[in-house]
Amino acid sequence: MVMTILVLIGAVLLVALLGVLIYRASRTFDANPNHTYVVQSEGEIVGALREPATLWDPKMSVLRDKDAPDITYPARKAQTGEFYTRSLVNRRTGRISLTVNTCTPKPFRSITLDRHQLEITANVVFRLDIERIHICSQLDNFGATLSNRIENLFDNEITSCRDEDIRAQQTRIEQSVTQALRSIEEDAKGDNMLNGMPLGIKIYEANFSFSEIDTMAEAQAAHAGPEGRPIGPIWIDQQHIDKLADTLSDRTPEVRDAVMRMIELQTRQNIVEILSKSGGLVAFTAKELGLNDILSDTKEERGGANRMAAPKAGLNGNSNKESSSSELDDEAQDTLDTSGPIQRDYYGRPLPKQQSKQ
């Protein structure tokens, strides 16, 4: 009888010990400086674990499974450059990463003070603050809030600068955004959140890269004809006018005149190509094509006609022969035309003489 009682007591103790071991194993969490667990008690967050600990109080539990916080942020793969959403929480175990991470929102557009469009790729290096981890644990849109804040701060800085000053002031812009992000996290006390709502993170640095968007190419593509060519004589928007002004600001008058001449000739060429698409015969004078400056210096009045400058002699002297023969033909024509006034059309071509009626 005594032996039976002792066996029963031993079995109960063994079961109790086994239950304690199982309870301890399920309630022990290996927290360390690289990851932690958020603990709640009766629905209220009481803090985060800093070292391995066992929650003996049954009222206390770790946020996991359906109660796990949603702490995600946009990131970019270094190998492929692909953008994806990364989570800092293992929902099954409730473990939250405390390592240093880099938030990289998708590239966004920003307009400078002189109306240049830039594509910005921003990066912010941060980590969760274990002292204020209850803030990010209670946010449903942590990643969206952080991304919008990064885009807004960089956009505010870039829109206050001209495009030529962005590269020169890139370090200043990065330092200003970094300081603004730190101010939001550090200066908020109580309900005083003038700069923004803190996210419970530590900011280490913010940086960005940029590339200019060719808005004129986009406009040409949008208004291109069936052959892929732009419709219209010339496409220069405000952005490219400013770029031309920046390019010519410190140039000599000769360079500026040459560039403006090229733009003028390109415009005339575009106009001629558009008019030629009509399928009919279209004639243009040298004046209409902007070629007056290459006319011969010894321009003579031949009833309103212009003579083009003769080409210079080549290595074999063929050009001189052709020029001489051309001049002889012109002199012969002048001799024939001295008999009376020559009537010409709008383009300076001589009209055929009408035979007088007898």
**Prompt:** Across bins of 5 angstrom width beginning at 0, how are the C-alpha pair distances of the stretch 34-89 distributed, in whole percent?
**Reply:** 4, 15, 21, 19, 13, 9, 9, 6, 3, 1
**Prompt:** Distance in nm between label sites at Ser249 and Lys77, each 7 Å beyond Cα in the beta-carbon direction?
**Reply:** 4.3 nm
**Message:** Can you give the FRET efficiency to the nearest 0.05 for Met197 and Asp67, using r as the Cβ-Cβ distance and R₀ = 30 Å?
**Reply:** 0.85
**Message:** I need the P(r) histogram for the stretch 108-174: all alpha carbon pairs, bin width 5 Å from 0 out to the longest distance, whole percents.
**Reply:** 3, 15, 23, 19, 12, 10, 9, 6, 2
**Message:** Taking 0.36 nm per residue of sequence separation and subtracting the Cα-Cα distance, how much length would be gained by fully extending the chain between Glu44 and Asn156, in nm to one decimal?
**Reply:** 36.5 nm
**Request:** Starting from the Cα-Cα distance between Leu13 and Ala168, subtract it from 0.36 nm times their residue separation and give me the gain in nm to one decimal.
**Result:** 48.2 nm
**Request:** In whole Hz, with x marking every Gly and Pro, tabulate ³J(HN,Hα) for the stretch 5-17 from phi via Karplus 6.51 cos²θ - 1.76 cosθ + 1.60, θ = phi - 60°.
**Result:** 5, 5, 5, 5, 5, x, 5, 5, 5, 5, 5, 5, 5
**Prompt:** Mind checking the alpha-carbon convex hull of the stretch 131-212 and giving the volume per residue in Å³?
**Reply:** 98 Å³
**Complete:** Taking Lys and Arg as +1 and Asp and Glu as -1, residues besides Leu98 with C-beta under 15 Å from its C-beta add up to +2
**Request:** Set the Förster radius R0 to 45 Å, insert the Cβ-Cβ distance between Met60 and Ser209 as r into 1/(1 + (r/R0)^6), and round the FRET efficiency to 0.05.
**Result:** 0.45
**Fill in**
The FRET efficiency for Gln117 and Tyr84, from their Cβ-Cβ distance with R0 = 30 Å and rounded to 0.05, is 0.70
**Message:** What do you get for GluC sites (Glu not before Pro) in the stretch 10-114 restricted to DSSP loop and a cutoff of at most 13 other Cβ within 10 Å of the site's Cβ?
**Reply:** Glu42, Glu82
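Values quoted throughout were computed directly from the atomic coordinates according to the rules given, and no laboratory measurement underlies them. Everything numeric here is computed off the predicted structure, so don't read it as measured data. Here Cβ is always computed from backbone atoms with ideal geometry, including for glycine, and neighbour counts include all displayed protein chains.
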